[in-house]
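Just below is one structure, and these are the notes that go with it.
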Amino acid sequence: MDHIIRKPVKATRYHHIALLLTVAAIITSLYLLSRHNYLYFHILVEMFSIFVAYTIFAVTWNTRDQIENGFIIILGIAYLFIGSIDLIHTFAYKGMNILPVPGADLATQLWIAARYMESISMLAAILLFNKRVKAGLIFALFLLASLLLLALFLLRLFPVCYIEGSGLTRFKKISEYLISSILLISLILFNKRRGELDRKVWNWLASAIVLTMASEISFTFYISVYGLSNLTGHFFKLFSFYFVYRAIVETGIRRPQTLLFQSLQQTKDRLETQFRSIPTPTFIWKKAENTFYLLDLNVAAELLVQKTFSDLKGKTAEEIFPRMADLTTIMEHCLTKKEGVDRQVNYRLQDSPRDNTLKINCVSVPPDMAILHIADITDEYNSRQILLESARLEATATLAKGIAHEYNNLMTIILGNIELLKMEPAIQAAKAETLEDIAASAKKAADLAGRMLDFAQIGRQVTREIDMNQIITQALELQLAPLPAQVSVTKNLEPRIWKINGDPVQMSQVVINLCRNAFESLADRDEINITTENLLLDPAAAEINRYIEEGRYVCMSIRDTGSGMDSETLTHAFEPFFTTRFQGRGLGLAAAYGIIKQHRGRMAIDSTAGAGTTVKVYLPAL
């Protein structure tokens, strides 16, 4: 095992030694060549740089449709024009005798022009890192810049850079420092992008920038174009272009995915991050063997099911949502019809005290994948139902108010005429008894109108500080007498109950109405339990959050073990004149609801057919 581990370490060590020996041999050979004939040395170094520049352009241009990063497009196209200027610089070099231009100034000018273009291109490329650019437009801009430089040279407007016998001009030295400054800024900005590049590519390009800066500094010291500082500057340039070659040319041919900044991986990572951060719980499923297996889910989905991806990966829809039989059917329909599906289902999530209302949206990804968005809209659904319930009851209250007024007007006329008839001497005793029956019925009708007005919340209210325990005790004294002996009534009243601000008469009516409703649903050996308690509620109180806001409340609860109500009956419980009993008027709960609402309180009913009913009243405490 040790042998297997050490072998690659030795191979790497030998590789590094061989590389260092090769570099040393190249430097020695080139140095000896420069001592023998500096012109040959210059030609060799410049031609290598030009070859690298043209190859960079060739690789970039032929892969431009696959490159999404503006950095490589700008740099690749720039090196075509940089290499072309370097080629003319090589032809114009003193001693070449190819161009009919005496002296070394033109070659120095071309050198400065090429380095300006190289440094500015590097800065622009880094500034447009990861930006999409049009290759044709970039090519046209560099072509225009090159034509402008050519015009400056033809018109002899480009500043003098070298004077025979004196050496470099002030413009040349300042330009070298300015170029180095641009490269330094580029390096600083480039360092901020190092995490977006392959490590080796970043190291090679950063080294190329540093060596180019060193080359520019070296060229500020020479007096002779064949001097030592000129030689040093060309060595730096040689290795600078070599690192660019390693980063772009060799990598682009041998490992093109690295040259392209691993754009596919970056895109994948970006999309995965976006998917994970979607606020709606999202699940990705794959169909196999007539069932759907989970491929992925986002953070919101993990919170919904209270499990992590590692816990759920590869599990079926039936395993993750065991009681949601419609889920597989929804996805099957979505894939078969190749269309989106929207459903609303009731499903009890983990640790939820009641069924949650879930909105499911399914999108097909042919041939065998489905994306599910599952949103828990329980609070929204409940709020909507409460608003609909309130709107229905408000409409009913408006109708009840109008009817009650008409009843009162009619009953007033009837009762008034009855009293006039009773004053007539001709009225016989038998007829007088009939009039009394008519008057009694009219008074009952007037009482019915009063209850309707209570429901419509327009009764007179005289409020003061009251104790609900006393109200309940007094109301029960009026209600207990007609109860069968087998019916048990128990009280569990909070001894230190908070006071409320209310109308004692109306509060007594609420207790009487609720108790009467409970009594009428009882059979033999049933029981009623009445409790009061102080509640300090916050929005997290899930049991009642759908009914009331946070604050201090006195809660009165009346629970019976009677016949209870089914869900359909429960939806109409507060509507006036709705009753399931032959003798009932259907105004008890409706009137109590109106009074409690007038006192800024809320009522809630929980009932199951055959299992009894619990009515809770929440009144703001002082």
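Using 0.36 nm per residue and subtracting the Cα-Cα separation, the extra length available between Arg600 and Asn409 on full extension is 65.8 nm. Accessible area per residue for region 26-171, computed on protein heavy atoms with a 1.4 Å probe, is 50 Å². Using a Förster radius of 41 Å, what is the FRET efficiency between Arg132 and Leu152 based on their Cβ-Cβ separation? Nearest 0.05, please. Efficiency for this residue pair is about 0.80. The simple Förster model, with R0 at 45 Å and r as the Cβ-Cβ distance, assigns Gln66 and Asp538 a FRET efficiency of 0.20. With 23 Å as the limit, write out which pairs from Lys286/Lys338; Lys94/Lys173; Lys307/Lys338; Lys499/Lys616; Lys131/Lys172 have Cα-Cα distances beyond it, or answer none. Check vs 23 Å cut-off fails for Lys307/Lys338; Lys131/Lys172. Taking all protein chains together and rolling a 1.4 Å probe, Cys161 ends up with roughly 0 Å² accessible. Using the Cβ-Cβ distance between Tyr177 and Thr273 with R0 set to 51 Å, the FRET efficiency works out to roughly 0.75. Annotation: extensible slack from Thr490 through Val210 equals 91.8 nm (criterion: 0.36 nm per residue apart, minus Cα-Cα distance).
From a point 7 Å beyond the Cα of Glu527 in the direction of its Cβ, which residues of region 589-622 have a backbone N at a distance under 15 Å? From region 589-622, the list is 612-613. Derived scalar couplings between HN and Hα for region 238-243 equal 4, 6, 4, 5, 4, 5 Hz in order, rounded to whole Hz, by the Karplus curve 6.51 cos²θ - 1.76 cosθ + 1.60 (θ = phi - 60°), x for Gly and Pro. Taking 0.36 nm per residue of separation and subtracting the current Cα-Cα distance, fully stretching the chain between Phe48 and Asn346 would add 100.0 nm. Under the combined filter of DSSP loop state and at most 12 neighbouring Cβ atoms within 10 Å, region 267-350 retains these GluC sites (Glu not before Pro): Glu289, Glu339.
Restriction of the trypsin sites (Lys or Arg not before Pro) in region 296-363 to DSSP coil positions whose beta-carbon has at most 16 other beta-carbons within 10 angstrom yields Lys307, Lys313, Lys315, Arg323, Lys338, Arg348, Arg354.
The values are calculated or read from the model by the stated rules, or taken from the named source; none is laboratory data. Keep in mind it's a predicted model, so treat the numbers as computed, not measured. Note: ideal-geometry Cβ built from the backbone for every residue, glycine included; neighbour counts use all protein chains shown. Each accessible area value is taken on the protein alone, full model and side chains, heavy atoms only, with ligands, DNA and RNA left out. Shrake-Rupley method; radii C 1.70, N 1.55, O 1.52, S 1.80 Å.
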